[in-house]
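**Q** Structure below; questions to follow.
No value in this document is a laboratory result; all are computed from the given coordinates. Since the structure is predicted, the reported quantities are computational estimates derived from the model, not experimental observations. Here the Cβ positions follow ideal geometry from the backbone for every residue, glycine too, while neighbour counts run over all protein chains shown.
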Amino acid sequence: MKRIKPALYLMAVLLLISFMACNRETVHHAPIFPLEKGNYWNYSGQFNDQTVNMRMEVKQVLKRDNLTFALMTGFPTDVMEGVDWEASVWGMLDVGSEHYYKVSGARIDTIARSLSEKDAVQSGLVTDSDLFIETLSDTGQTYGETAQLTRNDGNYFWRVGEKTAYDPSSIRGLKLTGPFDRFILSYKTVADETILDVVPGIGIVRYRYSHHGTPAVLDINLVEVRIQ
């Protein structure tokens, strides 16, 4: 009997490690953006040394096979339009919870109409230049417009520069449990730079933008969410 107990203890430890690994894998592969109608993200921060607040919200959702299309209102850069800024209307197309495309204008109706048509093949809805965020794995990852990925100056494509653990305790309304990974993404052009802090399962937790010419500096953080 004494020989059996150590074996049982070993099995229990192995099962616990396996369970923890499975739980970690589930969180890591959580959809980056939880696109359910009524979900919102409230941000607060500074634009050119002035306090700004804005909300990004899912207004409508269409689903078809592995496609989820969300009609969104509000985006961080809206606050840069001046004192009387208005929330923009745009669309997010989630393809298999791996690729997220950002579209605007007439293409919102085009995609919504296509997903509503029973026999539509769903081809040609987006291009690689519409790719906003894809499944994130580690530092050094790049994605974006295919023609730009070969550039050696680091401009005009997205790059993952850092990956760290994230503590979401300061975000009001968040009911999800971790652990969480934060990926810091950057997109540089000759004129400006955008930096996103992205946490899969939550979304964008910090948005930064700076223009190299005309002074324009935006830095806002996620302060409250509703994620169903």
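**Q** Counting alpha carbon pairs within less than 8 Å and at least 6 residues apart, what relative contact order, in whole percent, applies to the chain?
**A** The normalised contact order for the chain reaches 21 percent.
**Q** By a straight-distance test (C-alpha under 16 Å), which aspartates and glutamates pair with Lys59 as possible cross-link partners, with residues fewer than eight away in the same chain excluded?
**A** Glu36, Glu86, Asp94, Asp109
**Q** Between Arg55 and Thr189, what is 0.36 nm times their sequence separation minus the Cα-Cα distance? Round to one decimal in nm.
**A** 45.6 nm
**Q** Quick one: if the Förster radius is 25 Å, what FRET efficiency do Lys63 and Glu162 give, using the C-beta to C-beta distance and rounding to 0.05?
**A** 0.15
**Q** Report, for the stretch 113-185, the % of DSSP beta bridges that are antiparallel, rounded to 5.
**A** 100
**Q** Which entry in [x] 77, 50, 41; [y] 72, 45, 35; [z] 58, 36, 32 is this structure's computed Cα extents along the principal axes in Å?
**A** [x]
**Q** Can you tell me the FRET efficiency between Ser116 and Asn152 if r is taken as the Cβ-Cβ distance and R0 is 41 Å, rounded to the nearest 0.05?
**A** FRET efficiency, Ser116 to Asn152: 0.40.
**Q** Any chance you could run the full-extension gain for Thr142 through Ser210? It's 0.36 nm times the residue separation minus the Cα-Cα distance, nm to one decimal.
**A** Roughly 22.4 nm would be gained on extension.
**Q** Pick from Arg55, Arg208, Arg113: which residue has the top mean-square fluctuation in a GNM of the chain where Cα pairs under 10 Å get a spring?
**A** Arg113
**Q** Could I ask something else about it? Using only Cα atoms and rounding to the nearest 10 degrees, what angle (0 to 90) does helix 4-28 make with the longest principal axis of the chain?
**A** 10
**Q** Can you show me the helix-derived [θ] at 222 nm for the chain, built from DSSP H runs with n ≥ 4 at -39,500 (n - 2.57) apiece and divided by the number of residues, rounded to the nearest 500.
**A** Calculated at 222 nm, the ellipticity per residue is -5500 deg cm²/dmol.
**Q** Let me ask something else about it. Measure off 7 Å from each Cα along the Cα-to-Cβ vector at Asn48 and Thr177, then give the distance between these two points in nanometres to one decimal.
**A** Inter-label distance under the simple model: 4.6 nm.
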